[in-house]
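Every number in this text was worked out from the coordinates using simple rules, so none of it is lab data. Model, not experiment: these values are computed from the prediction. Note: ideal-geometry Cβ built from the backbone for every residue, glycine included; neighbour counts use all protein chains shown.
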Amino acid sequence: MEQLLQHGLNALMLGGTYALLGIGLTLIFGIMRVVNFTHGELYAFGAYMMYALVMKAGVNFFAALGLAIVLGVLLGALLELVLLSRLRAADIDTTMLVMIGAWIALQNAEQLAWTGVAVSINNPFPAAPLVLGPVSVAWNRVFVLVMALLLIFASHTVINRTKLGRAMRATFQDRDTAALMGVQIGAVHTATFALGSGLAAAAGALLGPVFVAYPSMGDLAAAKAFAVVILGGLGSIPGATLGGFILALVEELGAGYISSGYRDAMGFLLIIVILLFRPTGLFARKERIG
Amino acid sequence: MTARLVAAAVIVALASIPLWMGDPYVLHVLIMAGIFTIAAMSLNLLLGYAGQLSLGHVAFFGVGAYASALFSLGFSVHVLPGMMLSVQPTPVWLAMLAGMLAAGACGWFIGRIAFKVRGAYFVIVSISFAEVARLVALNWVELTQGPMALNNIPALSVAGFAFLRKPSVYWLVLGVAIACFILIARLVHSRAGRAMVALSENEALAASVGIDVTRYLVLATVVAATMAGAAGVLYAHYVRIVDPDVFLFIYTVTMAIMVITGGKGTLAGPVVGGLIFGLLPEGLRALAIGPETQWIVYGVLMVLVVYFLPQGIVPALRGLRLRSGS
């Protein structure tokens, strides 16, 4: 029972970042119809920016976190303007191939810049864990969860309460009609990709100090983000949020009770099973247009 | 008629290479390029003709390699608690057939289940399948030796002749490649092939005129998977060591780049792409460029090809020839 509680708590801590990753991907997918294979690279970028700022430049941890997210937003905007802006009329397979090419180039650029050796990032939190009765949790993980929840709430607000968010939702519903109503589709796409990329970079910047940073870390993160999106259903932010926590729980329980070697296989198995039995995702109301 | 003459001349030229090229390293590069070209041709059947962006293709390659290696080495594994399944080492040619069959069976499975979902979802399912296969190969140590890899895989030997030296392996790979090329050419010009093309052009229309969608998609996946399995089998018994890295996504990407650059949906496309990208790494290495830069070049090339040669090299050349009026 105590073990189960501990697994549940670990899943809660991890789920927030999975949700961040999933929200970024689901926004880009839902609004732009782009399968964003560079998502994991933005995650790795966030982690490496933390490494560069905290460990190399000696910047304060919290300032570095904010800066890493801003840099992720800028890189996302740049990618969209350079690679995707001229492909807005292209079909989904074409953009997918371009994103795969960009992913490979980015990941190997990271490898070239930071070498293949994993690096760790110091954090300012006390090393002694927070003990809650029979279970315990590290302070830095509590911080990760709080930050993740704040960022999820912030993106929810941007999408539901701002003018940009309204334009994004309109584009999601019907791109052509939105364009006719005067929505600047190009600007919405750039903003969406930048926002989604910023969330991925935030997830990397938060989890990088918890684990270690290495150049191919984005691959697993991207796979998990896809699992979260498929769990939650296309373009649904509440779905992606819940999906993130469900994936973390399945992984924790799988690693705890089946085999820790298969921890990372859980996400993939979940993808296959869900697409077989409930292809619209667990929470989607809208029919999928795949 | 001229097409056949050109084909015959190309085959003779390719077959003659080991006679005048004594450098074993060059032959090694050509053998690996040939193995990947076979895999690319099989991917083209799905990508180019059936219109399915299957990005888990390396799974079939890896399953073929592992199954063939395991049967030729023999293995014993716990299936259920207290129940052992033991297989004695089988002759290599039989193990090779088993490897292709295993890959084909995976193809059937993926074809059956994955075609419930299309487009981006199919891509993600196919990638997930390959990743699960890689993690199983890594973690099921009793069967696969995990990261220790399967070593000392025997080379193919038929009637006392062992395919150990590079020229013999080269001719074997060339022979399999030609057989696969002919098989694909026959298939795409048959009724089944036209059905596949019709599906990729407009699935709803194709279904409305009575084409059994699932049946032809499964057929295409099984044939493509068996062929990719054959490439994996050749790889296993040539390199003679198989580790979980054969399932890496980057190999699927290599195959996809070969197909797309050469020209998807053309017979010659994967061959042209396979030769270019099979030999390009060696050219880049000669320029003293490390593997990271090489992959960056691959990634950038992929983007550039999609922008400037969306149809691929072969259709672009064909267009040039038509325009010049010859």
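Okay, here's what the table says:
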{"quantity": "Full-stretch length increase - B:ARG215, B:ARG323 - with 0.36 nm per residue and alpha-carbon distance subtracted", "calculated": "35.0 nm"}
{"quantity": "Fewest-first sequence of A:LYS56, B:LYS264 by Cβ atoms within 10 Å of each Cβ", "calculated": "A:LYS56, B:LYS264"}
{"quantity": "Reachable lysines, given that their alpha-carbon falls under 28 Å from the alpha-carbon of A:LYS163 and they are not under 8 places away in the same chain", "calculated": "A:LYS286"}
{"quantity": "Calculated P(r) of chain A - Cα pairs past 27 Å, %", "calculated": "38 percent"}
{"quantity": "Projected area, mean over directions - the protein assembly as shown, Cα convex hull, nm²", "calculated": "32.0 nm²"}
{"quantity": "Cα lying deepest toward the dipole's positive end in the stretch B:142-260, options B:ILE178, B:THR252, B:VAL213, charges on Cβ", "calculated": "B:ILE178"}
{"quantity": "B:SER168 paired with A:VAL146, simple spin-label distance in nm, labels 7 Å along Cα-to-beta-carbon", "calculated": "7.1 nm"}
{"quantity": "Rh by Kirkwood over Cα pairs, then Stokes-Einstein D for the stretch B:198-326 at 1.306 mPa s and 10 °C, µm²/s", "calculated": "92 µm²/s"}
{"quantity": "Helical segments meeting 20 Å axial Cα length and Kyte-Doolittle 0.5 threshold in chain A (DSSP H)", "calculated": "A:2-32, A:61-79, A:92-114, A:139-161, A:185-207, A:217-232, A:237-257"}
{"quantity": "All aspartates and glutamates inside 18 Å of A:LYS224 as judged from Cα atoms, apart from same-chain residues fewer than 8 positions distant", "calculated": "A:GLU41, A:GLU251, A:GLU252, A:ASP264, B:GLU131"}
{"quantity": "Charge sum, other residues only, whose C-beta stays under 13 Å from A:ASP219's C-beta, Lys/Arg counted +1 and Asp/Glu -1", "calculated": "-2"}
{"quantity": "CD proxy at 222 nm, helix term only [per DSSP H run n ≥ 4: -39500 (n - 2.57); per residue of chain A; nearest 500]", "calculated": "-23000 deg cm²/dmol"}
{"quantity": "Proximal aspartates and glutamates to A:LYS56, defined as alpha-carbon separation beneath 17 angstrom and excluding residues fewer than eight positions away on the same chain", "calculated": "A:GLU110"}
{"quantity": "Two-decimal Rg/Rh across the stretch B:23-248, once Rg and the Kirkwood Rh are taken from alpha-carbon atoms", "calculated": "1.00"}
{"quantity": "Convex hull (Cα only) mean projected area of the stretch A:1-84, reported in nm² to one decimal", "calculated": "7.4 nm²"}
{"quantity": "Lys/Arg +1, Asp/Glu -1 at C-beta; the stretch B:23-248 dipole; positive extreme among B:PRO89, B:VAL132, B:ALA228", "calculated": "B:ALA228"}
{"quantity": "In the stretch B:12-118, the trypsin sites (Lys or Arg not before Pro) that fall in loop regions by DSSP, at most 14 other Cβ within 10 Å", "calculated": "B:LYS116"}
{"quantity": "Mean separation of Cα contacts under 8 Å (6+ apart) over length of the stretch B:23-248, as relative contact order %", "calculated": "41 percent"}
{"quantity": "P(r) tail fraction, the stretch A:169-290 - alpha-carbon pairs more than 25 Å apart, %", "calculated": "35 percent"}
{"quantity": "Rough spin-label spacing in nm, given labels placed 7 Å along Cα→Cβ, for B:SER76 and A:THR94", "calculated": "5.9 nm"}
{"quantity": "Full-extension gain in nm, B:ARG285 to B:TRP140, via 0.36 nm per residue minus C-alpha separation", "calculated": "48.7 nm"}
{"quantity": "Estimated inter-spin distance, B:ILE241 and B:ILE182, nm [label 7 Å along Cα→Cβ]", "calculated": "3.6 nm"}
{"quantity": "Label point 7 Å beyond Cα of B:VAL87 along Cβ direction - residues of the stretch B:123-143 with amide nitrogen under 12 Å", "calculated": "B:143"}
{"quantity": "Stretchable slack from B:LEU94 to B:LEU304, in nm (0.36 nm times residue separation minus alpha-carbon distance)", "calculated": "71.3 nm"}
{"quantity": "Within the stretch B:175-204: backbone nitrogen closer than 14 Å to the B:ALA7 label point (7 Å, Cα to C-beta)", "calculated": "B:177-190"}
{"quantity": "Mean Cα-pair separation over length for chain A, i.e. relative contact order, pairs under 8 Å, 6 or more apart, %", "calculated": "38 percent"}
{"quantity": "Prolate/oblate/rounded call for the stretch B:27-147, Cα gyration tensor, a/c under 1.5 rounded", "calculated": "oblate"}
{"quantity": "Separation between Cα centres of the stretch A:74-148 and the stretch B:280-314, rounded to whole Å", "calculated": "25 Å"}
{"quantity": "B:TYR49, A:TYR43, B:TYR251 arranged by Cβ crowding within 10 Å, fewest neighbours leading", "calculated": "B:TYR251, B:TYR49, A:TYR43"}
